[in-house]
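Values in this text are rule-based calculations from the coordinates and carry no lab data. This structure is a prediction, so every number in the text was calculated from the model and none was measured. Glycine also receives a Cβ, built like all others from the backbone with ideal geometry; neighbour counts cover every protein chain displayed.
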Amino acid sequence: MKKLLTIALAFGSLTVFGQVTKKVLFLGNSYTYYNQMPLMVENLATSKGNTLIHDANTPGGQRLLQHATNATSLSKIASNDWDYVVMQCQSQEGAFPDGQLAQEVYPYATILNDSVKSNNACSESMFFMTWGRENGDQSNCAFYPPFCTYDGMQSRLRLSYTTMANQNDGSVAPVGEAWRYIRNNYPAIDLYSPDESHPSLEGSYLAACVFYVSIFRESISGSTFDPGLPAGQAQIIQDVASMTVLDSLNEWNIGAYDAMADFTYSGSGMNVNFTNNSINSTDFYWDFGDLNSSTSSDPSHTYASMGTYNVMLAVDNGCTVDTIYQNVDLNTLNIEELNTEIRTWNDENEIRIFTDKHIESFEIYAMNGVLVQNGVQSGNSIAIDQLEKGLYLLRLKDGVQTYTIRIMK
């Protein structure tokens, strides 16, 4: 367990007394730096009792292909063990046709992601899904029809950013989809600056709220940080951001590459077989709840007494750690069906068991796990006597397997 604890503390996000600290680098352009959006994310985190450590390189109009060779961007990537490096395309290039994306956008997202992973294998690239222009991009409408409308641009942006996330084992901050929801459901909230492209204060606040939820994986609703929006708008924006992210975590790959613990179990009597169903995990630590443990992937364990045990499985992948607990009640384990006849003779002191198995030995346990009787046997029947009235577990051994049945005296 010491290794797991060391990894948890070494990983970029640190939790102390309920406070979470995240380190984020923003690589983008004016869509990112307008209204000091990263600082808004920091203020939102502070309002929730968390901490955001951040840096940025956001020259106006910068494209991913420029960031990929930008000395400042590369230096900032190497300057810290970031939890996330946010990547934002130039506002139009994310809506390019597929062929142009394949040549001018996707390769440079991969180059940047490779730089991020080379610096810290546990850093994650987070792709900043931007928004379509208020009335489309008429200057490029003739060139490519999706540019002609807001919805056309937004659909292209959604596709390109999710593609980049999938290609690079990254995640998406779905600002553009939260933007679309506000446009469709709260048209009085103006998300655009007068140029119909850059974000208004409301638009930057929406982006910041989406980033908070995507980074910290918790609702931003109820935050006290309001940059000075008209009455009631901050709450609407917070709720929309929380809903957009948290209702569709799989869609945005948020948490998709984290270690996730899960297991099932089966067995009979005091013998339990554990099946590890964890994902994205390379190392395992089992605590069987009886002061015994294992680092096997799929261990088996024999308990010394009957009862209910709180079993813990902790998993890690070198970057993230996850833990799950389950109560294992030995009294309710599935017991293998045997072709048996069980009857009580007139003599109340004796139970005779008939089975189609050739039994070599047997053990009888009280339900508290205490061994009350055992013996060597050769044949298909067993005579049991000197039992007090009650419920017992009978373990029959045929030399190869062990079978368990319940018997009542």
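Seen through its C-alpha gyration tensor, with square-root eigenvalues sorted a ≥ b ≥ c, segment 263-332 comes out prolate because a/c lies at 1.5 or above while a/b is bigger than b/c. Residues whose amide H comes within less than 5 Å of that of TYR192, counting only those at least five positions distant or on another chain, are SER200 (H built at 1.01 Å from N in the peptide plane). Among CYS209, CYS141, the order by Cβ neighbours within 10 angstrom, fewest to most, reads CYS141, CYS209. In order along segment 121-138, the phi-based Karplus estimate (6.51 cos²θ - 1.76 cosθ + 1.60, θ = phi - 60°) of 3J(HN,Hα) comes to 4, 8, 6, 10, 7, 10, 9, 7, 5, 7, 10, x, 5, 3, 10, x, 10, 5 Hz; Gly and Pro are listed as x. Mark the label point 7 Å from the Cα of LEU39 along Cα→Cβ and return the residues of segment 203-236 whose backbone N is within less than 17 Å of it. Flagged as within label range: 203-209, 225-229.
Rounded if a/c is under 1.5, else prolate if a/b is larger than b/c, else oblate: which is segment 2-246, with a ≥ b ≥ c the root eigenvalues of its Cα gyration tensor? It is oblate, given that a/c is not under 1.5 and a/b is not larger than b/c. Here the gap between ALA78 and ASN271, fully extended at 0.36 nm per residue and compared with their Cα-Cα distance, gives a gain of 64.4 nm. Per residue, the convex hull around the alpha carbon atoms of the chain comes to 195 Å³. Taking the helices alone, the chain has a mean residue ellipticity at 222 nm of -8500 deg cm²/dmol, built from -39,500 (n - 2.57) per DSSP H run of at least 4 residues and averaged over all its residues.
Sorting 192-199, 236-243 by their mean Cβ neighbour count within 10 Å, with the most densely packed peptide first, gives 236-243, 192-199. Quick one: grab the alpha carbon gyration tensor of segment 167-299, order the square roots of its eigenvalues as a ≥ b ≥ c, and give me rounded if a/c is under 1.5, else prolate or oblate depending on whether a/b is larger than b/c. It is prolate, given that a/c is not under 1.5 and a/b is the larger ratio.
In this simple spin-label model, placing a label point 7 Å from the Cα along the Cα-to-Cβ direction at both ASP290 and ASP398 gives a separation of 2.5 nm. The H on the amide N of ILE254, modeled in the peptide plane, is under 5 Å from the matching H of VAL172, each at least 5 residues off or on a different chain. With a simple spin-label model that places each label point 7 Å from the Cα along the Cα-to-Cβ direction, the separation between ALA383 and ASP195 comes to 9.9 nm.
Of the residues ARG217, ARG133, the one with the fewest other Cβ atoms within 10 Å heads the list, and the complete ranking is ARG217, ARG133. Spin-label model, THR46/ASP114: points 7 Å from Cα along the beta carbon direction are separated by 4.0 nm. For the pair THR282 and GLU218, the difference between a 0.36 nm per residue extended length and the Cα-Cα distance amounts to 20.4 nm. Dipole orientation for the chain: of the candidates SER293, ASN276, ILE236, ILE236 has the Cα lying most toward the positive pole (charges on Cβ; Lys, Arg +1; Asp, Glu -1).
Would you mind checking LYS357/LYS389; LYS76/LYS117; LYS22/LYS117 for any pair whose Cα atoms are more than 24 angstrom apart? Pairs exceeding the cut-off: LYS357/LYS389.
Placing unit charges on the Cβ atoms only, positive for Lys and Arg and negative for Asp and Glu, gives segment 80-177 a dipole magnitude near 160 debye about its Cα centre. A straight chain from THR302 to LEU371 at 0.36 nm per residue would run longer than the Cα-Cα distance by 23.4 nm. Here CYS319, CYS148 are placed in order of increasing Cβ neighbour count within 10 Å, fewest first, which gives CYS148, CYS319. Based on the Cβ-Cβ distance from ASP169 to TYR325, what FRET efficiency comes out when R0 is 30 Å, to the nearest 0.05? Efficiency, from the Cβ-Cβ distance: 0.55.
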